[in-house]
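Below: the structure, in structure tokens.
The values are calculated or read from the model by the stated rules, or taken from the named source; none is laboratory data. This is a predicted model, so every value here is computed, not measured. Cβ placement follows ideal geometry from the backbone for every residue including glycine, while neighbour counts extend to all protein chains displayed. All accessible areas refer to the heavy atoms of the entire protein, side chains included, with ligands and DNA or RNA removed. Shrake-Rupley method; radii C 1.70, N 1.55, O 1.52, S 1.80 Å.
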Amino acid sequence: MSNGPAGHGARSTVRPHSETGGRGRLRTFLRTADGIAVDCVYDPGPAGSAPAADPSGPSGRGPVFVVAHGFTGDVDRPHVRRVAGVLRGHGAVVAFSFRGHGRSGGRSTVGDKEVLDLAAAVEWARELGHARVATVGFSMGGSVVLRHAALHPGAVDAVVSVSAPARWYYRGTAPMRRLHWLVTRPEGRLVGRYGLRTRIHHRHWDPVPLSPVQAAARIAPTPLLIVHGDRDGYFPLDHPRMLAEAAGGHGELWVEPGMGHAEHAAPDALLARIGAWAVSAAG
């Protein structure tokens, strides 16, 4: 799926189209370093978090969360909008659709090139005048925020990874075996495209990207929070524990009783706790 390292590239925030919503809300397409158009939405959040009239001017606005959804999600899905809505109580929010998802261009590489999508969204958040940026990712997005922080040192001020895998090619649960069928089989990719609105690249990874557990070991000193449910049906608890162990003393692990997998399973109270933690950790 890969033509080169996903962690490097030219400036990525050339915008071919934009639209403005009410109360300072913005929607635009960002151009990634490898030329993919990524659908992105900005919500200014509480008073004081909105960008300056001139985004190129001095930064210093309140914190902003950049939300990285899970596989088959997109910025218009109700569960992604709910996450953004809760986090908006703690700061501004940038939410976007990964490549191959929703209105974004390209095809999904299931966590590899998606680092470039996140990099474009983070750069846009900085351009809008926010001095403090926290990434919050779920499942596939949880692996992407880890890899982005490792490949772009200092790009963000805090990282939250929810329901993420620690290692690639995991097939130890029935949901993950179904996901591998979806990604690797032609008929699975047809189901993804027409049933789940997700366009999946047919090529295998070459080279295999940096794994989440390898990335977790490289994130320090950026504050890191790992969140996982003890009833996650996709990735059992050895995954978050591996990530926390790799992160060492700078990583914090929350194991949530009764929680399942990713955005759908994260209650509003947990999302509010994540928002408060990220604001505090980002300084």
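The table below gives the values:
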item: Options 38, 75: the member that is modelled with pLDDT of 95 or more, within 23 Å of residue 182 (Cα to Cα) and part of a strand (DSSP E or B); result: 38
item: Pick from region 199-212, criterion within 21 Å of the chain's Cα centre (by Cα) and not in a helix (DSSP H, G or I), ranking: surrounded by the fewest Cβ atoms within 10 Å (Cβ to Cβ); result: 208
item: Those residues of region 242-266 which are open to solvent by 60 Å² or more (accessible area, probe 1.4 Å) and under 17 Å from residue 77 (Cβ atoms), in sequence order; result: 264
item: Search result, residues across region 99-134 that are of a type in the set (A, V, I, L, M) and closer than 16 Å to residue 192 by Cβ; result: 110
item: Test: residue in region 213-220 that is at pLDDT 95 or above, buried (at least 22 other Cβ atoms within 10 Å of the Cβ), under 30 Å from residue 257 (Cβ atoms) and out of contact with any strand residue (DSSP E or B) (no Cβ under 7 Å at 6 or more places or on another chain); result: yes
item: Residues within region 151-198 that are in contact (Cβ under 8 Å) with a residue 60 or more places away in the chain, loosely packed, with under 13 Cβ neighbours inside 10 Å and of a type in the set (Lys, Arg), tallied; result: 0
item: Check on residue 112, open to solvent by 10 Å² or more (accessible area, probe 1.4 Å) and modelled with pLDDT of 95 or more; result: no
item: Residue satisfying condition, being of a type in the set (Asp, Glu) and modelled with pLDDT under 95, within set 232, 206; result: 206
item: Qualifying residue in region 246-268 (condition: aromatic (Phe, Trp, Tyr) and more than 20 Å from residue 114 (Cβ to Cβ)); result: yes
item: Candidates 119, 158 - the one that is in contact with a helix residue (DSSP H, G or I) (Cβ under 9 Å, 6 or more places away or on another chain) and under 22 Å from residue 38 (Cα atoms); result: 119
item: Residue, surrounded by the fewest Cβ atoms within 10 Å (Cβ to Cβ), within region 267-280, restricted to residues that are in contact with a strand residue (DSSP E or B) (Cβ under 9 Å, 6 or more places away or on another chain) and in contact (Cβ under 8 Å) with a residue 24 or more places away in the chain; result: 270
item: Total residues in region 57-70, condition touching a strand residue (DSSP E or B) at 6+ places or on another chain (Cβ under 9 Å) and open to solvent by 30 Å² or more (accessible area, probe 1.4 Å); result: 3
